[in-house]
1. Of the residues S366, S352, S335, only one is of a type in the set (S, T, N, Q), surrounded by fewer than 21 Cβ atoms within 10 Å (Cβ to Cβ) and touching a helix residue (DSSP H, G or I) at 6+ places or on another chain (Cβ under 8 Å); which?
2. If a residue has to be modelled with pLDDT under 60 and assigned to a loop (DSSP other than H, G, I, E, B) to count, how many in the stretch 24-71 make the cut?
3. Is it the case that G390 is open to solvent by less than 10 Å² (accessible area, probe 1.4 Å) and either outside any strand (DSSP E or B) or modelled with pLDDT under 95 (or both)?
4. Hey, E488 hits all of (1) touching a strand residue (DSSP E or B) at 6+ places or on another chain (Cβ under 8 Å); (2) under 27 Å from Q316 (Cβ atoms); (3) in a loop (DSSP other than H, G, I, E, B); (4) not small (G, A, S) but one; which does it fall short on?
5. Only residues that are assigned to a helix (DSSP H, G or I) and either open to solvent by less than 30 Å² (accessible area, probe 1.4 Å) or in contact with a helix residue (DSSP H, G or I) (Cβ under 7 Å, 6 or more places away or on another chain) (or both): list them for the stretch 617-666, please.
6. I need the full set of residues from the stretch 241-265 which are more than 26 Å from R285 (Cβ to Cβ), surrounded by 19 or more Cβ atoms within 10 Å (Cβ to Cβ) and not β-branched (V, I, T), in order please.
7. For the stretch 446-464, which residues satisfy the criterion of being within 20 Å of A331 (Cβ to Cβ), open to solvent by 10 Å² or more (accessible area, probe 1.4 Å) and assigned to a strand (DSSP E or B)?
8. Please find, among S268, S292, the residue that is surrounded by 17 or more Cβ atoms within 10 Å (Cβ to Cβ) and in a helix (DSSP H, G or I).
Amino acid sequence: MTAMTPKLNRRGFLQASAAAAGGLVINFTLPERAKAQAAGAPAKVNAFVRIGSDDSVTLMIHKSEMGQGTVTSLSQLLAEELECDWKKIRTEFPGVEPAYAGGGMMGAYGSLSIRTSYAPLRQAGAQAREMLVAAAAQKWGVNASQCRAENSSVVNTATNAKLNYGSLAEAASQLAVPANVKLKDAAQFKVIGTSPKRLDTPAKVNGSATFGLDVKRPGMLYASLERCPVFEGKVASFDATKAKAVPGVKNVVQISNGVAVIADNTWSAMEGRKALTIKWDEGPRANTSSASLRQMFMDLTAKPGAVARKVGDAGQGMAGAAKKIDAVYEAPYLSHAPMEPLNCTALVTADSCEVWAGTQIQSIASQTAAGITKLPANKIQIHTEYLGGGFGRRGGADFIGEAVEIAKAVPGTPVKLTWTREDDLQHDTYRPASYTKFAAGLDADGWPVSFTASVACPSFGGMRNGVDSTAVEGIETIEYGIPNMQVEYHAPDAGIPVSYWRSVGFSQNCFFMESFLDEMAAATKKDPVEFRRKLLAKANPRYLNVLNVAAEKANWGKPLPTGHFHGVGVVNNIGSFNALVAEVSVTGGKVKVHKVVAAVDCGQVVNPNIVTQQIESGIVYGLSAALKLGITLEKGRVVQQNFNNYEPLRISEMPVVEVHLVASTAAPGGIGEASTPSIIPAVTNAVFAATGKRIRTLPIKAADLA
């Protein structure tokens, strides 16, 4: 979700306040709140770090955990500088506080968790370490330079005496927080760059981890919500008589998004929902279809658009080209389809609101609840639960708003709203469809001298000067050395709710761009890797490096098994560079991906295993989009209902994935969305190598290969 990346001001971000009895607390506060962090403040107030008298270290994980490993990797940042015993680490998810937002929004989005925590959490660990060392030096009556911290204790280097962190915590809490602390050089790392066992695994295996669906509150009721099947439609009238007759149904209420049935259990709520009689006002989108939307997009790209990027003179370059090629690429709407359906539990009273949910962005959840209840922010409490998948979907708060509205209708009673799979697929905030017209002019030697793109894609990242930079990222941002370029943008008024989907605009635009680049190479029979090498000669050298590593490790250009072919895709979408080579065969109109070789430069690696897992995960998600997925519309309604007609990649279809991490001491980049864009063109380019058929529309269909 890169479009949501805030401009975080780290200057002055870390400050510490004093302690609670029995332990050391390092608090992070924004500069304007520093004075409010008085001595003796409770440990839970803006506290990232707590050190208990039992030597335990509790890290408040201010980023949501949806399988991407933040609980473990963020703990590694702290432990590296704190010199604590890894076995002593504990974690908690805190409520919403300004300190956790770091000047932006509190949440996990845009693959920012490590990037925005790398320096702050290391500094927190270093501050706590220095305070503990100073406390030990005072007890021994020696200079702090005579002491060192190791494995949750402080050692007197002259006598080898030791004091455990727990015995020092209270005394350390009375000391001034060091303003400047020295952080380790990368060569000194002992925890960062290693792969300890994930901290969240035991709780997920033994069932003690609480996901949103697991939440239970005393006296809780359950809700199911019937929404208009047409986007922008609304309730005209409804009759709840039959619904109220269903055993267990307690109430039926209308909210802004539809009609909710509240019951003793989820089953009764859903059965009551089926019994509702509702007349809908389907609104202005009742005749919308995939075909009508495509025509809208086509019509827009036939006209001049807002200029997103201009280099040189593309028109003049095209006029002088020895050869011209053009193509149209398309991608459909996509649903996020997390395995845990959307859900939220809310409790609203006259002067408070509590929310229990798996949310990616706690700040938005809090703001949404405040807007509905009209309560001040300090009366809203967000309890972050584990997420059974997010992919950008849980960055929104529509499901949270619905739950709060329903709970507001039964004040003082907690209500859990649960979406069905059909709700998830038919009422998503979708990855937008996109339609892009390309043209390129090549010189006599076959190298591009001019390039144009006209992009029609609903806005989902905000407009500036007529351009949504999110909708054109991956085309407008390319570093290929083409002297004349012009990228234009059109914003269709499609009426379909859209939002961030794993890798955002890059998810479709990398497929478009890397495929059209292959078309340029093929037009003059150039090798796709060699073609990219020359065009990347003046780009960031990390681009060329990952391309070279991937090509070498995949044995690019060397013989493959009979019927197997290679394709390549390269991208830098979240501060991490990666190149993927896919090995593919096509038999009887069916594409089989046998192997994927990935070269990844994500800067300093915090946890190699987690990085590898995320690259594999992104490949799975991208392959599903390439081979199977698409949301279509008829009469304003989404056609797809469940996994029978929106089918993700199956285990048996998963290729072998070989990940090569490029050593780097650059600042960490993101990793959760890194490989999703580049796997798609790697596969479609391999399909072209295998069949001579160019894939320009997703998902790949047998008819495309005939």
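The values are calculated or read from the model by the stated rules, or taken from the named source; none is laboratory data. Here the structure is a predicted model, which means the values were calculated and not measured. Virtual Cβ from ideal backbone geometry, glycine too; neighbours counted across all protein chains shown. What goes into the accessible areas is simple: the full protein's heavy atoms, side chains included, and nothing from ligands, DNA or RNA. Shrake-Rupley method; radii C 1.70, N 1.55, O 1.52, S 1.80 Å.
1. Values: S366 fails: surrounded by fewer than 21 Cβ atoms within 10 Å (Cβ to Cβ); S335 fails: surrounded by fewer than 21 Cβ atoms within 10 Å (Cβ to Cβ).
Within the list S366, S352, S335, the selection yields S352.
2. Summing the residues that are modelled with pLDDT under 60 and assigned to a loop (DSSP other than H, G, I, E, B) in the stretch 24-71 gives 13.
3. On the way: open to solvent by less than 10 Å² (accessible area, probe 1.4 Å): yes; either outside any strand (DSSP E or B) or modelled with pLDDT under 95 (or both): yes.
In short, yes.
4. Condition (3) is where E488 drops out.
5. Step one: filter the stretch 617-666 for residues assigned to a helix (DSSP H, G or I), giving 617-627, 651-653.
Once the filter is applied, which keeps residues that are assigned to a helix (DSSP H, G or I) and either open to solvent by less than 30 Å² (accessible area, probe 1.4 Å) or in contact with a helix residue (DSSP H, G or I) (Cβ under 7 Å, 6 or more places away or on another chain) (or both), the stretch 617-666 yields G618, I619, Y621, G622, L623, S624, A625, A626.
6. Those that are more than 26 Å from R285 (Cβ to Cβ), surrounded by 19 or more Cβ atoms within 10 Å (Cβ to Cβ) and not β-branched (V, I, T): A243, N251, A263.
7. At the first step, the residues of the stretch 446-464 found to be within 20 Å of A331 (Cβ to Cβ) are 451-461.
When the remaining residues are screened for being open to solvent by 10 Å² or more (accessible area, probe 1.4 Å), the result is 452, 454, 459-461.
Within the stretch 446-464, T452, S454 meet the criteria.
8. On the way: S292 fails: surrounded by 17 or more Cβ atoms within 10 Å (Cβ to Cβ).
The match here is S268.
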